[in-house]
Amino acid sequence: MKTDVLIIGGGIVGLSTAHQLLKLNNNITVTILEKENGVAKHQTGNNSGVIHSGIYYKPGSLKAQNCLRGYDMLIDFCKAENIKYELCGKVVVAIKPEEIAGLEALYQRGIQNGLSGLRFLNKDEIKQYEPNCTGIKGVFVPQTGIVDYKQIAVKLAENINNNPNGTIVLNSKINAIVGNEHGAVVHTDDQRYEANLVINCAGLYCDKVAAMAGEKLNMKIIPFRGEYYSIKPEKAHLVKNLIYPVPDPNFPFLGVHFTRRISGEIEAGPNAVFAFQREGYKKTDFKWSEFWESISFAGFRKVASKYWKTGLGEYHRSYFKPAFVKALQQLVPAIQEDDLVPAGAGVRAQACDKDGGLIDDFYIQESTSFIHVLNAPSPAATSSLSIGLEVAERAMKKLN
Ligand SMILES: Cc1cc2nc3c(=O)[nH]c(=O)nc-3n(C[C@H](O)[C@H](O)[C@H](O)COP(=O)(O)OP(=O)(O)OC[C@H]3O[C@@H](n4cnc5c(N)ncnc54)[C@H](O)[C@@H]3O)c2cc1C
């Protein structure tokens, strides 16, 4: 089969890229190949459902630019497609005096990123937003919202399939890619696709797909599982909206927090534990080849030696519920172990470089016939339509 552009991966980044390409040019054909029997089966369908405001990201970074632009694009898309969302705002709270400097730095970052309406909160003001939350100082972020990203992905897929130039092929796992002077040939078990340009949006497997295409990489994907608990309905009143701790600036994850889902359920989590399998959603999931690949990567070993203490804390909270509950009680003391039931997990694709750095920013690498999205962790769901536009514009330049 022939197509102008072939996209690998039917997560929100691949779908948004196809959506933007088809909007930019109605003369090109775009095909998405997805290995699962539906779209959004991995990161996109197992995330926290938060529409991030952009407060966390370094001004000028790809994360800041795409989160801010993507935020507006996402809300416009939800309005146009009648997808339920809510801009409920969130509170970030310092629980110890030594966290106040970090909270103030976060506020300043929000201002630098152009957020309006941010507000410092004292102890009593925190309670006006979250009556059961104990903190010594807080920031209210009015822009933060909630949505179901799976619904967005399904709508994008519907629109792509309804476009005469768009095709999504499910149950199609790429297992070989051969570049040539006109583009590339991509193989699945039973099909062969010829494309002028291939865009890799394979999430947890993006480095493997890039390696198949012959790219030299300075990074590897390290999977970090994030486990959730759900608060029993009779205790859901303990949390109104979203309550976050002050994040550790050395770590790309935000710390366990409370989130109201768009379905009304209150979730606690996710933590961030190194997973022994890329799509390892359960604690017992283990794939020797993938585990070995991670631990034999020099960059990962450097990460492990730098963050071993944080990592051990994450394992402790993962395997020992009272420790998880203790972390949550720092934000909402009334929460008890019996109030929480396990509620699944997601696995983050976090790129790690050879020098042991967890790559913080989004990262896209190009070669003649390929564009590889190699680091698209949170807030990539919020930013997806903007990342999609950025990749689609790069693709159009290459095709011309
Ligand atoms: C626990 C967790 C919480 C998060 N919370 C938030 C949040 O609240 N807000 C936010 O903005 N972001 C959040 N994120 C981040 C966000 O979900 C991801 O950044 C985003 O979904 C990435 O989308 P993607 O399309 O790159 O990856 P994915 O959704 O993982 O899609 C990649 C697709 O590629 C397919 N694929 C892989 N290999 C192949 C192959 N060989 N052949 C064919 N197909 C292949 C996979 O099956 C998959 O469907 C969270 C992530 C996690 C894990």
The percentage of Cα-Cα pairs in region 325-400 separated by more than 17 Å is 64
Positive end of the dipole of the chain, charges at C-beta (+1 Lys, Arg; -1 Asp, Glu), about the Cα centre: which of Leu118, Ala395, Ala323 has its Cα farthest in that direction? Ala323
Among the listed pairs Lys23/Lys155; Lys84/Lys127; Lys41/Lys84, give every one whose C-alpha distance is greater than 18 Å. Lys84/Lys127; Lys41/Lys84
With +1 on the Cβ of every Lys and Arg and -1 on the Cβ of every Asp and Glu, and nothing else charged, how large is the dipole of region 151-256 about its Cα centre, in debye rounded to the nearest 20? 400
Looking at region 278-400, how many pairs of lysines come closer than 24 Å at the Cα, when each pair is eight or more places apart or spans two chains? 15
List every residue whose amide H lies under 5 Å from the amide H of Ala343, counting only residues 5 or more places away in sequence or on a different chain, with H placed 1.01 Å from N in the peptide plane. Tyr228, Tyr229, Ser230
Alpha carbon centroid spacing (whole Å) that separates region 1-63 from region 207-281: 19
Using a Cα-Cα cut-off of under 20 Å, which aspartates and glutamates could be cross-linked to Lys123, ignoring same-chain neighbours fewer than 8 residues away? Glu98, Glu99, Glu104
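Quickly rank 2-15, 60-73 as a protection proxy: mean count of other C-beta atoms within 10 Å, highest first. Don't jump to the answer; show the numbers that get you there.
Working: 2-15: 27.3, 60-73: 20.6.
Highest to lowest by the protection proxy: 2-15, 60-73.
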What is the gain in length, in nm to one decimal, between Gln329 and Asp76 on full extension, counting 0.36 nm per residue of separation less the C-alpha to C-alpha distance? 87.4 nm
Span per principal axis, largest first, for the Cα atoms of region 5-87 (Å): 36, 28, 28
Roughly how tilted is helix 12-24, in degrees to the nearest 10 and between 0 and 90, from the longest Cα axis of the chain? 50
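For Lys302, what charge total do you get from the other residues with a beta carbon under 13 Å from its beta carbon, if Lys and Arg give +1 and Asp and Glu give -1?
Net charge around Lys302: +2.
Would you mind telling me the share, in percent, of accessible area of region 1-147 contributed by carbon and sulfur at probe 1.4 angstrom?
48
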Of His372, His182, His257, the most mobile residue in a GNM of the chain (C-alpha springs, cutoff 10 Å) is His182
Could you look at region 342-400 and say what percent of its accessible area is carbon and sulfur, using a 1.4 Å probe and all protein chains? 48
Positive-end extreme of charge dipole, the chain - chosen from Ser16, Gly89, Cys67 (charges on Cβ): Gly89
Any chance you could give the angle, 0 to 90 degrees and rounded to 10, that helix 380-399 forms with the longest Cα principal axis of the chain? 20
Using mean Cβ contacts within 10 Å as the protection proxy, how do 81-93, 379-391 order, highest first? 379-391, 81-93
Per-pair calculated FRET efficiency, R0 = 60 Å: Val178 and Cys88 via Cβ, rounded to 0.05: 0.75
Given unit charges at Cβ for Lys, Arg (+) and Asp, Glu (-), the dipole magnitude of the chain about its Cα centre in debye, nearest 20, is 480
Heavy-atom accessible area per residue of region 231-305, all protein chains kept, 1.4 Å probe, expressed in Å², is 45
Per-peptide average of other Cβ atoms within 10 Å, ordering 222-229, 168-175, 324-331 highest first: 222-229, 324-331, 168-175
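The values are calculated or read from the model by the stated rules, or taken from the named source; none is laboratory data. Keep in mind the model is a prediction, meaning the values are calculated, not measured. All Cβ positions, even for glycine, are placed from backbone atoms using ideal geometry, and neighbour counts span all protein chains on display. Protein only, heavy atoms only, side chains kept; ligands, DNA and RNA dropped before computing areas. Shrake-Rupley method; radii C 1.70, N 1.55, O 1.52, S 1.80 Å.
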